[in-house]
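S.K.: One structure coming up, written as structure tokens, with questions to follow.
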There are 2 protein chains.
Amino acid sequence: MNGAESLVRTLVGSGVEVCFSNPGTSEMHFVAALDKVEGMRAILGLFEGAVTGMADGYGRMAEKPAATLLHLGPGLANGLANLHNARRAQTPIVNIVGDHATYHAQYDAPLASDIVGFARPVSGWVHSSTSPKTVAADGARAVHAAMQPPGQIATLILPADTAWLDAEHPAPKLPLTAPAEVSSSAVDAAAKALKNGKKTAILVRGQALKEQGLAAAGRIAAASGARIMCDTFAPRLQRGAGRVVIERIPYFAEQMVETLASVEQLILVGSKPPVSFFAYPGKPSWCTPESADIIYLAHPHEDGTAALEAVASAIAAPKEPANVAPLQKPDLPKGALDQFTAGQIIAHYLPDGAIISDEAATSGIGSMIATTNAAPHDHLSLTGGAIGQGLPLATGAAVACPDRKVVCLHGDGGAMYTLQSLWTQAREKLDVTNIIFANRSYAILNIELMRVGAENPGPKALSMLDLHNPELNWVQLGQGMGVESTRVETAEEFAEAFSSAMKQKGPRLIEVML
Amino acid sequence: MNGAESLVRTLVGSGVEVCFSNPGTSEMHFVAALDKVEGMRAILGLFEGAVTGMADGYGRMAEKPAATLLHLGPGLANGLANLHNARRAQTPIVNIVGDHATYHAQYDAPLASDIVGFARPVSGWVHSSTSPKTVAADGARAVHAAMQPPGQIATLILPADTAWLDAEHPAPKLPLTAPAEVSSSAVDAAAKALKNGKKTAILVRGQALKEQGLAAAGRIAAASGARIMCDTFAPRLQRGAGRVVIERIPYFAEQMVETLASVEQLILVGSKPPVSFFAYPGKPSWCTPESADIIYLAHPHEDGTAALEAVASAIAAPKEPANVAPLQKPDLPKGALDQFTAGQIIAHYLPDGAIISDEAATSGIGSMIATTNAAPHDHLSLTGGAIGQGLPLATGAAVACPDRKVVCLHGDGGAMYTLQSLWTQAREKLDVTNIIFANRSYAILNIELMRVGAENPGPKALSMLDLHNPELNWVQLGQGMGVESTRVETAEEFAEAFSSAMKQKGPRLIEVML
């Protein structure tokens, strides 16, 4: 067997089942090895930003890494923005980047570049294989590194000759590291703080935002009156009927400050103290009151769910959590279609166990509000602020969870970044309904332009935020990539299109004219 | 004036006239400053890979830098692949990347990343401004660095507070560095070598591939019988009627070796010894015969054109160059449409002074052959191997040269990478005719899969190279972005569509079914 086959066998043996790929010449032996090994699904993306975003969506839902397959430095570079988002989401990914043969590097051929340099800012682990004899072991280490709690990107660089030369055997799977147990002193400190009468907020991130962790947090709230909060952009949040409702920190700095103004102590579970997304002239970056105590209950690599349960026990919290969402599907609105009526329609028809990939930006608040009491679902958000995540994230989530409906909510500006994902949805017949909110604008920037104090913007400045000229036509873009697409202009039209999409399987695109 | 305005004024004063942009919140003050300063055209791209590719196309044709405007690390990351190509093309670009305010960096907000880390592999010069008082001077230095012969990418990172805080005044333009003169000893050595009777090839790159340098090379050929060659992927080559025909080194390693087999001495003008694009098992990377002498006449930062003229004088070359192409437009073919008949049609109708942006890959040989004796034109090629260059390069070239017709020849696989460029073409009403060669395949990889020795590829491997499922529809994709688009299946249909596009101004897309 050659190095490539030893690597693919090792990956499969280590539990990696899917490879999101956009290969080139230097990856041809890896590609050929895919047919020699059972158990690795290969999914082609027509752009690497789509590929890495898919790996992120897969990892967030499967809770284990997919592999990527990228073509040298530029292929990696094209995937970096969504790897940045994945890094912020702490998603496990085995990020495989082909390289020139080791002996070819010295010639500085046109595609040569500093791959390690490109990889380092997004990777928790980077290694460039030096021999076909070690590639398998390097692969096992990459999977192990990717799964190191809470999850990270492990970049394995694969020089072509380490793939094509003879190897010996696959490497055995390495034992996975479990999330660290939280110390009893941290549990005691949080429990004690919850009884001191101060106004407390618990900010939760990571695995503890799933049902079990939320239930424990809700029990603590029931016992102590503490507020349970999450970041604006949580990687994955379980919401909807039957789940504890969590307070999402708002986006803008002044809203954050207002939301947190009364907090006297902040307990962190897998999270960091909230800071503003951007800096603004004369506005604070640090949004927790200066006088508030910051208490670290669980760090990101620790078991936040167990920590919350231990605290709930320590304060003798009741079994029933506070603030469990009842099922209350909104009535169907009629007439004007805007993000709020669209949100009501989505919440009305959203099936049990749906996955929402949310990059709706300024058009997303309506859906977020309306789905609070909708059927239980997972909500995935734009963790790193690098727009163009939503479509590929939805695509990867659909690969991870073929029996669940995926709904992608996307602004038109961001969706243009990685629209190639639609082709993969069509090719793999994935069950994704893509809602494109077409406001023909980088709408957030019209708000931000004022907020940063750039007064009286002129026509050139405003034109940089405006997507009206020419009008994008998402029906044509979607159909051009093989996805059934339709445009809606009224609530009734959207209700019909969305309900029909929820009843059928397979990719759909609905352009919502705002 | 604030830092942003001081920077924009400095850029305009230093000769930068165009800013290709995809801004975000942290760049809003720069955007607002665009209206306060006369003389900077702002062109929006809907994806940063389009933005940087446009800056490359502009720089290759204008021979001076455009500015980019990118949004933090992820915005830069999305533009890196085409910056890689621009680095290989030695194109001057002032690459401006917004960043968080200096004091905000400590909080590691979601969009924070190692921008310098991302920038370094593609940049000849990187600087992050630390004060609004120095931003203007930093901008002047960036333009100077970008124009350092032969041209490079100067990345200026602009923290938001250095843009919004008060500055003093713009900075004066710095004097530009001219290309270095070649030493007389280098000229003497080359002249002496040309008389020693050995079989000589002169490999030319950079500015010397324009008419004047080619004429000098042609005179040397006339006197000495030396072969005049260029790399497979020259950044910019002037070809067609009236220009000296140059021998283009072929793509595949074994063809390169065969082409160079008889060379006894290789004279380099702004070029490096040719090496294979990829490494292949059992095939050489180094393609010049081991016994050949390598003679450096001009390094890339030196004046290659003057060097060739000096050598021509030194060997008393005749005034008339050898191998000047006559004007011989091919007849119009009929019937089957393939890359060869398509190339004949293109060559037949190509107007004087056209610019060809060529990323046709396996479909490009037909046009390359057919246009040898077409009307004089500039040919821009994929310098760094990072696919997705052709459409934005054409877009930027059209901005630089509004009076010249731009023809973009593109494979369908690569065109999917940066298709967002079409929207900018429509928005700016640029005179670009985009030919998409639709073979529904990463066709080069079907060749490479065999060549690297990956034998008997299985269905999974082959599916990674195949774009048939689903079929892309470029007419819908083009129209979805506001570009008049048509599909052709016969030579007659293509001739009609192409000739009509050559007669009109404005963006067009023709999908050539292969």
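The values are calculated or read from the model by the stated rules, or taken from the named source; none is laboratory data. Every value quoted in this text rests on a predicted model; they were computed, and no experiment measured them. Note that we place each Cβ from the backbone using ideal geometry, even for glycine, and neighbour counts take in every protein chain shown. The protein model used for the area step is the full one, side chains on, heavy atoms only, and it has no ligands, DNA or RNA in it. Shrake-Rupley method; radii C 1.70, N 1.55, O 1.52, S 1.80 Å.
S.K.: Only one of these conditions is not met by A:GLU17: (1) open to solvent by less than 10 Å² (accessible area, probe 1.4 Å); (2) under 21 Å from A:ALA394 (Cβ atoms); (3) of a type in the set (Asp, Glu). Which number is it?
M.R.: Against the list (1) open to solvent by less than 10 Å² (accessible area, probe 1.4 Å); (2) under 21 Å from A:ALA394 (Cβ atoms); (3) of a type in the set (Asp, Glu), A:GLU17 comes up short only on (1).
S.K.: Among what's in the stretch B:54-93 and is among the polar types (S, T, N, Q) and free of Cβ contacts under 8 Å to residues at least 60 places away in the same chain, pick the residue that is nearest to the other protein chains (Cβ to nearest Cβ). Give the derivation first.
M.R.: Going through the stretch B:54-93, the residues among the polar types (S, T, N, Q) turn out to be B:68, B:78, B:82, B:85, B:90-91.
The next check asks that each one be free of Cβ contacts under 8 Å to residues at least 60 places away in the same chain; those that pass are B:68, B:78.
Details: B:THR68: 13, B:ASN78: 5 Å.
It comes out as B:ASN78.
S.K.: Please list, ordered by residue number, the strands (runs of 3 or more DSSP E) wholly in the stretch B:36-127 having 2 or more residues that are touching a helix residue (DSSP H, G or I) at 6+ places or on another chain (Cβ under 6 Å) and closer than 30 Å to A:ARG440 by Cβ. Walk me through it before giving the result.
M.R.: Details: elements: B:41-44, B:66-71, B:93-99.
Here the list reads B:66-71, B:93-99.
S.K.: Related question: If we scan the stretch B:191-203, do we find a residue that is under 28 Å from B:ALA146 (Cα atoms), among the small types (Gly, Ala, Ser) and either under 22 Å from the mean Cα position of the chain (by Cα) or open to solvent by 60 Å² or more (accessible area, probe 1.4 Å) (or both)?
M.R.: So the first thing to find is which residues in the stretch B:191-203 are under 28 Å from B:ALA146 (Cα atoms), and the list is B:202-203.
Now drop any that are not among the small types (Gly, Ala, Ser), which leaves none.
Scanning the stretch B:191-203, I find no residue that is under 28 Å from B:ALA146 (Cα atoms), among the small types (Gly, Ala, Ser) and either under 22 Å from the mean Cα position of the chain (by Cα) or open to solvent by 60 Å² or more (accessible area, probe 1.4 Å) (or both), so the answer is no.
S.K.: If you don't mind, another one. Please determine, by comparing only the residues of the stretch B:454-477 that are facing chain A (nearest Cβ under 7 Å) and modelled with pLDDT under 90, which one is least open to solvent (accessible area, probe 1.4 Å).
M.R.: Result: B:ALA454.
S.K.: Still on this structure: Taking B:VAL488 as the residue in question, decide whether it is in contact with a helix residue (DSSP H, G or I) (Cβ under 9 Å, 6 or more places away or on another chain), surrounded by 16 or more Cβ atoms within 10 Å (Cβ to Cβ), at the interface with chain A (Cβ under 7 Å from one of its Cβ atoms) and hydrophobic (A, V, I, L, M, F, W, C).
M.R.: Details: in contact with a helix residue (DSSP H, G or I) (Cβ under 9 Å, 6 or more places away or on another chain): yes; surrounded by 16 or more Cβ atoms within 10 Å (Cβ to Cβ): yes; at the interface with chain A (Cβ under 7 Å from one of its Cβ atoms): no; hydrophobic (A, V, I, L, M, F, W, C): yes.
Here the answer is no, as B:VAL488 does not meet what is asked.
S.K.: Any residue at all in the stretch B:110-117 that is surrounded by 24 or more Cβ atoms within 10 Å (Cβ to Cβ), at positive phi and at the interface with another protein chain (Cβ under 9 Å from one of its Cβ atoms)?
M.R.: No, every residue in the stretch B:110-117 fails to be surrounded by 24 or more Cβ atoms within 10 Å (Cβ to Cβ), at positive phi and at the interface with another protein chain (Cβ under 9 Å from one of its Cβ atoms).
S.K.: Can we say B:GLY39 is open to solvent by less than 10 Å² (accessible area, probe 1.4 Å) and at pLDDT 95 or above?
M.R.: Working: open to solvent by less than 10 Å² (accessible area, probe 1.4 Å): no; at pLDDT 95 or above: yes.
No: the conditions fail for B:GLY39.
S.K.: Another question, then. Residue check: is A:ILE447 within 21 Å of A:GLY353 (Cα to Cα) and either away from every other protein chain (no Cβ under 12 Å) or open to solvent by 10 Å² or more (accessible area, probe 1.4 Å) (or both)? Spell out the reasoning first.
M.R.: Values: within 21 Å of A:GLY353 (Cα to Cα): no; either away from every other protein chain (no Cβ under 12 Å) or open to solvent by 10 Å² or more (accessible area, probe 1.4 Å) (or both): yes.
Here the answer is no, as A:ILE447 does not meet what is asked.
S.K.: Separate question: Would you confirm whether or not the stretch A:50-60 contains a residue that is modelled with pLDDT of 95 or more, surrounded by 24 or more Cβ atoms within 10 Å (Cβ to Cβ), more than 19 Å from A:ALA145 (Cβ to Cβ) and charged (D, E, K, R)?
M.R.: As a first pass, look at the stretch A:50-60 and keep what is modelled with pLDDT of 95 or more: A:50-60.
Now drop any that are not surrounded by 24 or more Cβ atoms within 10 Å (Cβ to Cβ), which leaves A:50-60.
This time we only want the ones that are more than 19 Å from A:ALA145 (Cβ to Cβ), so: A:50-51, A:53-54, A:57.
Now drop any that are not charged (D, E, K, R), which leaves none.
Within the stretch A:50-60, none of the residues are modelled with pLDDT of 95 or more, surrounded by 24 or more Cβ atoms within 10 Å (Cβ to Cβ), more than 19 Å from A:ALA145 (Cβ to Cβ) and charged (D, E, K, R).
S.K.: Is it fair to say A:ALA415 is modelled with pLDDT of 95 or more and more than 13 Å from every other protein chain (Cβ to nearest Cβ)? Steps first, answer last, please.
M.R.: Details: modelled with pLDDT of 95 or more: yes; more than 13 Å from every other protein chain (Cβ to nearest Cβ): no.
Answer is no for this residue.
S.K.: Which of the residues that make up the stretch B:220-235 are assigned to a helix (DSSP H, G or I), open to solvent by 40 Å² or more (accessible area, probe 1.4 Å) and either in contact with a strand residue (DSSP E or B) (Cβ under 8 Å, 6 or more places away or on another chain) or farther than 18 Å from B:PRO326 by Cβ (or both)? Outline the logic, then answer.
M.R.: Step one: filter the stretch B:220-235 for residues assigned to a helix (DSSP H, G or I), giving B:220-224.
Filter once more, keeping what is open to solvent by 40 Å² or more (accessible area, probe 1.4 Å): B:222-224.
Result: B:ALA223, B:SER224.
S.K.: Give the number of residues within the stretch B:326-339 that are open to solvent by 70 Å² or more (accessible area, probe 1.4 Å) and aliphatic (A, V, I, L, M). Full working, then the answer.
M.R.: Taking the stretch B:326-339 first, the residues open to solvent by 70 Å² or more (accessible area, probe 1.4 Å) are B:327-329, B:331, B:334, B:336.
With aliphatic (A, V, I, L, M) added as a condition, the list becomes B:327, B:336.
Looking only at that region, the number is 2.
S.K.: May I pose another question? Would it be correct to say that A:ARG141 is part of a helix (DSSP H, G or I), open to solvent by 10 Å² or more (accessible area, probe 1.4 Å) and at the interface with chain B (Cβ under 8 Å from one of its Cβ atoms)? Talk me through it step by step, then tell me what you get.
M.R.: Details: part of a helix (DSSP H, G or I): yes; open to solvent by 10 Å² or more (accessible area, probe 1.4 Å): yes; at the interface with chain B (Cβ under 8 Å from one of its Cβ atoms): no.
When the stated conditions are applied, A:ARG141 does not pass them.
S.K.: Under the condition of being within 9 Å of another protein chain (Cβ to nearest Cβ) and either crowded, with 24+ Cβ neighbours inside 10 Å or modelled with pLDDT under 95 (or both), which residue from the stretch A:118-132 is nearest to B:LYS283 (Cα to Cα)? Steps first, please.
M.R.: We begin by selecting, within the stretch A:118-132, every residue within 9 Å of another protein chain (Cβ to nearest Cβ); these are A:118, A:120-122.
After this cut, where a residue has to be either crowded, with 24+ Cβ neighbours inside 10 Å or modelled with pLDDT under 95 (or both) as well, the list is A:118, A:122.
Values: A:PHE118: 29, A:VAL122: 35 Å.
So, considering only residues that are within 9 Å of another protein chain (Cβ to nearest Cβ) and either crowded, with 24+ Cβ neighbours inside 10 Å or modelled with pLDDT under 95 (or both), the one nearest to B:LYS283 (Cα to Cα) is A:PHE118.
S.K.: Going by the structure shown, is B:GLY197 assigned to a helix (DSSP H, G or I) and not assigned by TED's automatic domain parsing to the domain that holds B:GLU27? Before you say what the answer is, go through the steps one by one.
M.R.: Values: assigned to a helix (DSSP H, G or I): no; not assigned by TED's automatic domain parsing to the domain that holds B:GLU27: yes.
So B:GLY197 fails the test.
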